[in-house]
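Just so it is clear, none of the values below were taken in a lab; they were calculated from the coordinates. All figures in this text were calculated on a predicted structure; none of them were measured in a lab. Cβ atoms come from the backbone with ideal geometry, glycine included; neighbour counts cover every protein chain shown.
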Protein chains: 2
Amino acid sequence: MYGLIGKMRSVPGKREELLQILFEVTTALPGCLNYVIARDPGDTTALWITEVWTDAASHKTSLALPEVQAAITKAKPCIAGFEFQIETEPVGGFGLPAAK
Amino acid sequence: MYGLIGKMRSVPGKREELLQILFEVTTALPGCLNYVIARDPGDTTALWITEVWTDAASHKTSLALPEVQAAITKAKPCIAGFEFQIETEPVGGFGLPAAK
């Protein structure tokens with residue numbers, strides 16, 4: 001499996017709008033096992049996104065999907081930047097459809 | 001919902017053992033919606049744990065469960081430390097049983 005943990009920063013006052021755009025596109029994308037969008041309770045412009053994909057290729061492919069491209073275009077004016085992004089290698093756990 | 005993103009560091013050579021202990025205790029704990037255990041691909045002693053709970057109380061309560069206490073005791077000799085831990089406020093996404 002392939003994972004991502006990232007912190008996204010919105011333009012001030014635009015976090016809820018950004019969250020809604022992310023939320024709408026986060027459906028059953030091919031290869032996506034888990035995609036959690038969270039507010040940072042201590043920072044009104046920060047969102048944390050944690051993702052699990054079957055593999056890195058399915059994540060990369062998803063970025064080219066028309067609905068994802070449309071969401072990126074829509075989200076851009078709300079995004080101030082990306083502060084933290086790491087790749088992980090999820091092994092399993094609870095709530096993953098593919099957990100061993 | 002209540003979330004945690006944390007980086008745990010194992011004693012050198014003990015990451016797989018630690019991972020296995022965490023993995024075994026990560027079943028349907030009350031209030032746990034998602035618990036993903038991941039290796040850090042760039043650091044042989046690091047694990048990333050991302051958690052989603054119905055609320056902070058259910059996370060706190062879980063720490064007192066006999067099986068969780070037993071796992072903590074078993075894991076302690078494998079743990080070198082905790083490097084990063086943040087609380088989040090998950091809103092939804094894909095793969096959460098309670099996503100709106």
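Of note:
- Axis-nearest residue in chain B [Cβ, rotation onto A], distance in whole Å: B:Thr50, 2
- Residues whose placed amide H lies under 5 Å from that of A:Ala80, excluding near-sequence neighbours: A:Arg9, A:Ser10, A:Val11
- Backbone HN-Hα couplings from phi across region A:58-67 [Karplus 6.51/-1.76/1.60, Hz, Gly and Pro as x]: 5, 5, 4, 4, 4, 5, 8, 5, x, 5
- Over 19 Å apart at the Cα level, from the set A:Lys7/B:Lys14; A:Lys14/A:Lys74; A:Lys76/B:Lys7; A:Lys7/B:Lys7; A:Lys7/B:Lys76, are A:Lys7/B:Lys14; A:Lys76/B:Lys7; A:Lys7/B:Lys76.
- Pairwise centroid distance, computed over Cα atoms, of region A:63-83 with region A:16-38, Å: 11
- Taking amide H positions as modeled 1.01 Å from N, with prolines and chain starts lacking one, no residue 5 or more places away or on another chain lies under 5 Å from A:Thr45.
- Under 5 Å, built H, 5+ apart or other chain: amide partners of B:Asn34: B:Val52
- The P(r) of the protein assembly as shown has a tail past 26 Å containing 31 percent of all C-alpha pairs.
- Region B:2-88: relative contact order in percent, alpha carbon pairs under 8 Å with at least 6 residues between: 50
- Computed log₁₀ I(q)/I(0) - Debye formula, equal Cα scatterers, no solvent, region A:2-88, q 0.18 Å⁻¹: -0.77
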